[in-house]
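Below is one structure, written out as C-alpha cells, with a few remarks after it.
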Amino acid sequence: MGTAILAVATDANPGNLAGLAGVGHVAGSVLGVAAYLLGAVVLVATAARWTRHTRAAVADLRHPVLGGLHATLPGAILVLAVMTAALGERLMPAGLATATIAVLAVVGTVLALVFGVAFGYALLTGDAPAGAVNGGWFIPPVVTVIVPMALTPLMPHVGADLARLLLFAGYAFLGLGFILFLLVLGMLHDRLVLHPLPPAQLAPSLWIALGPIGVSALVPMNLARAGQAAFAADSTVVATVSRVFATAVWGFGLWWLAIVVALLVRYLRTGPVPFHLGWWGFVFPLGAYTVATLTLARAWQVPAVDALGALLYLGLAAAWVVATARTIASMRSGQIWRR
C-alpha cells in the first residue's frame, strides 16, 4: 500500500513543476512495478500462512491489535487497482490495464468485506478493554472507502446499467467505510483523552487515521466526476458539493496531522520507537493525505495548497525510505520475524 500510493503521488508531479513532470512519470512507473512485485509476494505469503497455519491466523484476526492489520491485504489489492488506473497505461496496453483493474477490484472488494465483517464480529463478541483501542482499527474502514476508487475506473468500459450499479456501489461503500471510520475515531479519541497514551510501539498506528481522511476526501470528487452521465443536469451541483465536503474532511486531517506529529515528537523525547512492520503505518496514510491535498489544490486552483502538498510529499518519500531501509535491515537480521 505504501509503495503504490507513493507511485501515485510521484506520478502526480507534486509542486506542479513542468520540468519535473517527465521525471515524476518515470519514477512513478518504477515504483509502480515495485508495488506489483511486492503485492505478489505478500499475496502468496499471506495465502500460504492461512493455508498452513490457519489457527494462528484466526487467532491473530481476533486479537485487538493484530486483527485489523489483516485488512491490509485487500487494502493492498485495491490500492494496486487505483495505481493501475493512475499510471497503468504507461506500464501495459490499455486493455490489459482495464482487465487488471477489474480483477483487482473484484478480489479486493470481496476480501475487504470478508475481513472487515470478520474483524468487526470479533470485536463485538470479544472482551477487549478500552485501553486496547488503537489506530489499527482504522484499517478495515479505510480499505472499504478505497473500494469506490477501484470501481469508478471501470465505468467508462461497461454499459450504462452496469455503470450506474458501480456508481451506486461506490457511494454505498463510501458510506459504509466513512461511518465506520467515525465510530472508530470516537472510540480512539476517548481512549487517548481518558487513558494514558499507548506504548511507543503503537505510535505509528495513530497516523493511520490520515488514511480514511485522505481517501474520504478523494472518493466524493472521484464519484462525482465518474457519475456525470448519471447525474446529467445535476452533475455540476454534485461536483461542487463533493468538493466542499472533501475540503471539510481534509481540514480535519490537517488538525490530526498536527496532533500525531506532536505526539510522535513526545514519544521520541522519552525514548526510541521500536521498529516493527507497523512502521508502514506512517507511509500509506500520509500518502493518501498527500494525494488528497494535491487533488484539492488543483480542483480549487490554489498554489499555496499545492506547495503544501509538495512538502507533504517530501515527508512521504522520507517515511518510505526509512520504512524500506529498516524493513530490509530487520529481514536480514531476522528481527522482523520475532513476536
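Listing for the model above:
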item: Which listed residue, of GLY287, GLY281, is under 21 Å from PRO199 (Cα atoms) and either assigned to a helix (DSSP H, G or I) or in contact with an Asp or Glu (Cβ under 9 Å, 6 or more places away or on another chain) (or both); result: GLY281
item: Tally of residues being touching a residue at least 40 places away in the same chain (Cβ under 8 Å) and either touching a strand residue (DSSP E or B) at 6+ places or on another chain (Cβ under 8 Å) or more than 14 Å from SER216 (Cβ to Cβ) (or both) across the stretch 226-258; result: 5
item: THR109 being within 25 Å of LEU202 (Cα to Cα) and hydroxyl-bearing (Ser, Thr, Tyr); result: no
item: Subset of the stretch 300-316 [closer than 14 Å to ASN13 by Cα, of a type outside the set (D, E, K, R), touching a helix residue (DSSP H, G or I) at 6+ places or on another chain (Cβ under 7 Å) and in contact (Cβ under 8 Å) with a residue 24 or more places away in the chain]; result: GLY309, LEU312, TYR313, LEU316
item: Where a residue in the stretch 167-182 is farther than 10 Å from ILE146 by Cα and its partner, wherever it lies, is not in a helix (DSSP H, G or I), with Cβ under 9 Å and at least six apart; result: LEU167/GLY227; TYR171/GLY227
item: Any pair with Cβ under 7 angstrom, 6 or more apart, that starts in the stretch 325-339 at a residue that is under 13 Å from GLY278 (Cα atoms) and ends at one that is of a type in the set (Gly, Ala, Ser); result: ILE336/SER330
item: Criterion (in contact with a Pro (Cβ under 8 Å, 6 or more places away or on another chain), modelled with pLDDT of 95 or more and either assigned to a helix (DSSP H, G or I) or among the hydroxyl-bearing types (Ser, Thr, Tyr) (or both)) met by exactly one of LEU206, LEU263, LEU218; result: LEU206
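The values are calculated or read from the model by the stated rules, or taken from the named source; none is laboratory data. Keep in mind that this is a model prediction, so the values were computed, not measured. Quick reminder, even Gly has a Cβ in these numbers, built from the backbone with ideal geometry, and neighbours come from all protein chains shown.
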